[in-house]
1. When you go through 287, 282 one by one, which is the residue that is touching a strand residue (DSSP E or B) at 6+ places or on another chain (Cβ under 8 Å), farther than 23 Å from residue 36 by Cα, in a loop (DSSP other than H, G, I, E, B) and at pLDDT 95 or above?
2. Suppose we filter 178, 167 for residues that are crowded, with 19+ Cβ neighbours inside 10 Å and touching a residue at least 24 places away in the same chain (Cβ under 8 Å); which single one remains?
3. Looking only at region 82-101, count every residue that is over 25 Å from residue 232 (Cβ atoms) and assigned to a helix (DSSP H, G or I) and tell me the total.
4. Just wondering, is there one or more residues in region 208-219 that are at pLDDT 95 or above, assigned to a loop (DSSP other than H, G, I, E, B) and over 16 Å from the mean Cα position of the chain (by Cα)?
5. Report, by residue number, each residue of region 41-75 that is loosely packed, with under 11 Cβ neighbours inside 10 Å and under 30 Å from residue 202 (Cα atoms).
6. Kindly provide the set of residues from region 225-272 that are assigned to a loop (DSSP other than H, G, I, E, B), surrounded by fewer than 19 Cβ atoms within 10 Å (Cβ to Cβ) and at pLDDT 95 or above, ordered by number.
7. For region 1-40, enumerate the residues that are assigned to a helix (DSSP H, G or I), within 19 Å of the chain's Cα centre (by Cα) and either at pLDDT 95 or above or surrounded by fewer than 18 Cβ atoms within 10 Å (Cβ to Cβ) (or both).
């Protein structure tokens, strides 16, 4: 879908960039050792080195490093590369060695083309293949328009009906969603984001979007979908199971990731800080999302920015 980016999506941005009443909104969280951490990405422990200098110079410099085995790309505000997910012909039994020749990735690439050995980088579909995403962003405020100001609960999913009703109630009813848009969905789950993360709730479960809504958004040819949650998928409280949304494929833990990344080429945006954007009712903005050029990586940390006019 990023093939749709270009002069048309940039021209939509120019309206917001030239509006003297527009403001800049940070859509990322600060990256700290005490922030909520992904259970799949290891610890995140910055180490700040002593100041240094060189003999016979007048310069002092400072540096820092991250701990060994940290996954930086999948921590904090981030986006996934298309190579982050592949699809197997049949479920893996968890006992035998994973056979990548049986995996298929976006565009029909076989697993052996994308990741030919266990320790190789992604040779296809890595994060360095994602262009800068500079386009119009549509904010869909589910907390406000569907839940009467109450945040969504873990395991709940935004349906097509929810999305369309929220859009109808917003200032974007006539405009709708255009090809090349980025769609940002505010659920209110970010009320659970704490730093330091004492409750440990944020990453343990979350609301998400339904499989049918993922298909609906893909039919609109959006380039990216982001939520104020750690996953675009709904993850229920294990003590309060919720039935999967209609049409969800079997044998998948993250079916929305599967659909977006392996079937239709829509990028997933996670841990987006949408609260201020929602409070100011900035329902249409110019968004700038620039992943790092890390060759062969499956994800990238981000500092996305939205520029638009407050409506409240």
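The values are calculated or read from the model by the stated rules, or taken from the named source; none is laboratory data. Since this is a predicted model, take the numbers as computed values, not measurements. All Cβ positions, even for glycine, are placed from backbone atoms using ideal geometry, and neighbour counts span all protein chains on display.
1. Result: 282 is the single residue among 287, 282 that is touching a strand residue (DSSP E or B) at 6+ places or on another chain (Cβ under 8 Å), farther than 23 Å from residue 36 by Cα, in a loop (DSSP other than H, G, I, E, B) and at pLDDT 95 or above.
2. Details: 178 fails: crowded, with 19+ Cβ neighbours inside 10 Å.
So the residue among 178, 167 that is crowded, with 19+ Cβ neighbours inside 10 Å and touching a residue at least 24 places away in the same chain (Cβ under 8 Å) is 167.
3. Matching residues across region 82-101 total 1.
4. no
5. Passing the criteria: 47, 48, 64, 68, 69.
6. The one that is assigned to a loop (DSSP other than H, G, I, E, B), surrounded by fewer than 19 Cβ atoms within 10 Å (Cβ to Cβ) and at pLDDT 95 or above: 265.
7. Start the filter on region 1-40 by keeping residues that are assigned to a helix (DSSP H, G or I), which leaves 2-4, 7-17.
Next, from what is left, pick out any that are within 19 Å of the chain's Cα centre (by Cα): 2-4.
3, 4, listed by residue number.
Residue-by-condition table, conditions (1) over 20 Å from residue 299 (Cα atoms); (2) in contact (Cβ under 8 Å) with a residue 24 or more places away in the chain:
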residue: 112; (1), (2): no, no
residue: 124; (1), (2): no, yes
residue: 140; (1), (2): yes, yes
residue: 150; (1), (2): yes, yes
residue: 156; (1), (2): yes, yes
